[in-house]
Amino acid sequence: MSADLDPIESVLLRCLTRNARLTLSEVAKKAGVTPGTIHSRLERLKERGIVLGSRLLIDETKLGYECSAFIAIRISGDTRPEAQRVLLAEPNVVELHYTLGKFNMLARVFTKSIHELHELLLQLQSIAGPENVEPLLMIENTIDRAVEISPRPTKDGNSEAA
């Protein structure tokens, strides 16, 4: 289901996805409205489930997490709960997705060493079988961005600001 955004909500989301540290006053100036209007629109976006929260972005490597990987897992229905239990209990697993295709689970992990990654892989292989677990080591992250919120045309046919 697609959510219709009005021009103010569109500007608000575009501003905050680019820089969540902007004040509501700064966003209001870009949108041409009062900070109170921005505050109420932000609350409405939260109520609608569009804005879920905010996070602090960190550089994991500076905290000693030298190994970053995705682990693709092919799991059968009867072993899915066990694999999910292992992955949920592992604090180094930061994302878990269910997918379509050759593999049906994709986990993103950060470990302090290749040895830690290997231990997790062995645990998963004991559940799914060695041929059903494929690690993909990340070498470089070249794109990491939010979905672009497209400007809506205004009544005069131009695009909105911000």
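The values are calculated or read from the model by the stated rules, or taken from the named source; none is laboratory data. Source: prediction; values computed, not measured. Backbone-built Cβ (ideal geometry, glycine too); neighbour counts: all protein chains shown.
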**OP:** List every residue pair whose Cβ atoms lie under 7 Å apart, where the two residues are 6 or more positions apart in sequence or sit on different chains, the first residue falls within the range 111-138 and is in contact (Cβ under 8 Å) with a residue 60 or more places away in the chain, and the second residue, located anywhere, is loosely packed, with under 12 Cβ neighbours inside 10 Å.
**Re:** none
Original post:
In the range 112-162, what residues are modelled with pLDDT of 95 or more and β-branched (Val, Ile, Thr)?
Top reply: Ile114, Val133
Original post:
Among the residues of the range 112-130, how many are among the hydroxyl-bearing types (Ser, Thr, Tyr) and on the phi > 0 side of the Ramachandran plot?
Top reply: 0
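Table: residues versus (1) of a type in the set (D, E, K, R); (2) within 30 Å of Asn92 (Cβ to Cβ); (3) in contact (Cβ under 8 Å) with a residue 60 or more places away in the chain.
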{"position": "Val11", "(1), (2), (3)": "no, no, yes"}
{"position": "Asn19", "(1), (2), (3)": "no, yes, no"}
{"position": "Thr37", "(1), (2), (3)": "no, no, no"}
{"position": "Glu47", "(1), (2), (3)": "yes, no, no"}
{"position": "Ser54", "(1), (2), (3)": "no, yes, no"}
{"position": "Ile58", "(1), (2), (3)": "no, yes, no"}
Original post:
Can you name every residue in the range 88-110 that is polar (S, T, N, Q), within 21 Å of Glu131 (Cβ to Cβ) and buried (at least 17 other Cβ atoms within 10 Å of the Cβ)?
Top reply: Asn104
Original post:
Among Arg108, Arg41, which is farther than 30 Å from Pro7 by Cβ and not aliphatic (A, V, I, L, M)?
Top reply: Arg108
Original post:
So, in the range 14-23, of the ones that are at pLDDT below 95 and either out of contact with any Leu (no Cβ under 7 Å at 6 or more places or on another chain) or charged (D, E, K, R) (or both), which residue ends up surrounded by the fewest Cβ atoms within 10 Å (Cβ to Cβ)?
Top reply: Arg21
